[in-house]
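Here's the structure, in structure tokens; my notes come after.
The numbers here are math on the coordinates, done by the rules we state, and not lab data. Because the structure is a prediction, the values reported are computed rather than measured. Note that we place each Cβ from the backbone using ideal geometry, even for glycine, and neighbour counts take in every protein chain shown.
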Amino acid sequence: MVDNDKQSSIPLQSMQKPEDVDEFSPNDTLEIKLEPSRTFTTPAQPKKINIPAWLIIPIWMGCSVSVILYNKYIFSELSFEYPIFLTTWHLIFSAIGTRVLQRTTTLLDGVKDIDMPRDKWMRSILPIGVLFSGSLILSNYAYLTLSVSFIQMLKAFNPVVILLISFAFRLQEPNQRLIGVVAMISLGCCTAAYGELHFVLTGFICQALALCFEASRLVMIEILLHGMKMDPLVSLYYYAPVCAALNFVIMLLVEGVEPFYHLERVGAFVLFTNAGIAFALNVAAVFLIAVGSGLVLTLAGVLKDILLISGSVLAFGSSITAIQVFGYSVALAGLVLFKTGGQKK
């Protein structure tokens, strides 16, 4: 009865009781005022943002080129030679940024669809985060001694490392086409390395190890996170805190507190804009994947690499030889073949 009274819109205290009514004739009328019924409206869902391909592709390429040239500028021109500190700062910025986006936009709605208990986090996110951390540290160390153009040429070797690891773990069976891709990219990268005028062994070793870490990370993602839909932002949401913590410990062991004493070399503006561009690259990658086909993404990546090499020549005076141009062209052709059809069994 109490529930029924609450559901009714008639206030019981305002109604007359039978004993309070002296006379009630058929001509009398009883007026009962009902409160207007309440309507419950569900909050409108935020609309997903769609950016056309003609706009997001140049934005992505611009962010990708800018963040690499910006890092090189900090290391070389500003003499801030602390790559682990810079990488750690990027990851802290990304860890905070992804959580802000999760609460304010729909860009990280994919996090809700992922079941990540503690044991699964320990078995998958942590080891992949370790590999990601190693890749970032080593690749940034390579920029201290090698030119941007040469590093970019060496990065074309990444598909070969991925294929070799996949063959070793029997995730993919070798065939004539894949072997041809491996040979083509290897020949191109070796030719580009042979033509490098300012070859530094320590930088080359760092970049080679970085490629191994990155290729291992990609293969581990395929093994441990198979079937889980994680775009670049969702991946960053999980990996950034892990990598930031790992990098911070490594930074204290390798670089110590020295970077903090030289922060005036870069300043707050450079630090925040540099980390902001790196974070914007991951945001742009989400929109790029949504609008681009495999062929479009591959061609955009090739064009980005060419622009990056050209930009490093203009910005830092990096020298490239005709042998390097030929070798890199061969490697890029193998890369396109790998991305557009070479991965098929």
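Between I151, L108, L86, the Cα set farthest toward the positive side of the dipole of region 56-156 (charges on each charged residue's Cβ, about the Cα centre) is that of L108.
With a Förster radius of 41 Å applied to the C-beta separation of L299 and V254, the computed FRET efficiency comes to 0.60. Separation of the alpha carbons by more than 21 angstrom is noted, of K304/K339; K72/K304; K155/K339; K72/K155; K120/K339, for K120/K339. Sorted ascending by nearby beta carbons within 10 Å, beginning with the fewest, H262, H226, H90 become H226, H262, H90.
Per-residue Cβ neighbour counts within 10 Å put D113, D231, D305 in the sequence D113, D231, D305, beginning with the fewest. Exposure proxy ranking for C212, C243, C190, based on other Cβ atoms within 10 angstrom of each Cβ and starting from the fewest, stands as C190, C212, C243. Summarising the amide proton neighbourhood of S318: residues at separation of 5 or more, or on other chains, whose placed amide H is nearer than 5 Å comprise V313. Derived scalar couplings between HN and Hα for region 76-81 equal 8, 6, 8, 6, 9, 8 Hz in order, rounded to whole Hz, by the Karplus curve 6.51 cos²θ - 1.76 cosθ + 1.60 (θ = phi - 60°), x for Gly and Pro. 3J(HN,Hα) along region 103-111, derived from phi through the Karplus expression 6.51 cos²θ - 1.76 cosθ + 1.60 where θ = phi - 60°, amounts to 8, 10, 9, 9, 5, 10, 5, x, 4 Hz, with x in place of Gly and Pro.
Computed 3J(HN,Hα) for region 221-227, one whole-Hz value per residue from the Karplus formula 6.51 cos²θ - 1.76 cosθ + 1.60 where θ = phi - 60°, is 4, 5, 7, 8, 10, 4, x, glycine and proline marked x.
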